[in-house]
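The values are calculated or read from the model by the stated rules, or taken from the named source; none is laboratory data. Please read these numbers as outputs of a predicted model, since none were measured by experiment. When we count neighbours, we look across all protein chains shown, and the Cβ atoms used for this are built from the backbone with ideal geometry, even at glycine. When the accessible area is computed, the model is the full protein with side chains, heavy atoms only, and any ligands, DNA or RNA have been set aside. Shrake-Rupley method; radii C 1.70, N 1.55, O 1.52, S 1.80 Å.
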Amino acid sequence: MRIEQAIAIAKHDEHRLVRFMERRSRFLDGLDWDALPEQTAREASMLDDLLDADLAESASYVTWLEGCVAMGVEDIVGVVRFEPGPRPWQLAWVTL
């Protein structure tokens, strides 16, 4: 795979994470947190932390790929993907 393609994919994943986090934030702002079960609120908070970490890692990955270009790398084996999907403790995970 050409490294330019990998950078484009990684940047797209980073932007998709940002959009997902913005939509999620607007949705969570509309919830009545006092009405949620404690476990659900805890899981939502855990997912926020994981999404923040994913976003930081994806930005770091894009920077690393761009550094590889500066060193003259033209091809790479594959690209790391960052997707805002369900986590193992969420019910949606079971349906995948």
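Being among the hydrophobic types (A, V, I, L, M, F, W, C) and either in a helix (DSSP H, G or I) or farther than 21 Å from residue 74 by Cα (or both) is the filter here; which residues of region 1-18 pass it?
Step one: of region 1-18, the residues among the hydrophobic types (A, V, I, L, M, F, W, C) are 1, 3, 6-10, 17-18.
Once the filter is applied, which keeps residues that are among the hydrophobic types (A, V, I, L, M, F, W, C) and either in a helix (DSSP H, G or I) or farther than 21 Å from residue 74 by Cα (or both), region 1-18 yields 3, 6, 7, 8, 9, 10, 17, 18.
Among the residues making up region 70-86, those that are among the aliphatic types (A, V, I, L, M) and open to solvent by less than 60 Å² (accessible area, probe 1.4 Å) are 73, 76, 79. Return yes or no: is residue 39 at pLDDT 90 or above and either open to solvent by 60 Å² or more (accessible area, probe 1.4 Å) or assigned to a helix (DSSP H, G or I) (or both)? Against the criterion (at pLDDT 90 or above and either open to solvent by 60 Å² or more (accessible area, probe 1.4 Å) or assigned to a helix (DSSP H, G or I) (or both)), residue 39 does not qualify. Within region 53-68, track down each residue that is touching a residue at least 24 places away in the same chain (Cβ under 8 Å) and open to solvent by less than 50 Å² (accessible area, probe 1.4 Å). Listed by number, the residues that qualify are 54, 55, 58, 59, 61, 62, 65, 68.
Summed over region 1-29, residues that are open to solvent by 70 Å² or more (accessible area, probe 1.4 Å) and farther than 14 Å from residue 61 by Cα total 8.
A residue that is part of a helix (DSSP H, G or I), open to solvent by less than 60 Å² (accessible area, probe 1.4 Å) and over 16 Å from residue 85 (Cα atoms) cannot be found anywhere in region 44-52. Does residue 18 count as closer than 22 Å to residue 3 by Cβ, among the β-branched types (Val, Ile, Thr) and touching a residue at least 12 places away in the same chain (Cβ under 8 Å)? When the stated conditions are applied, residue 18 does not pass them.
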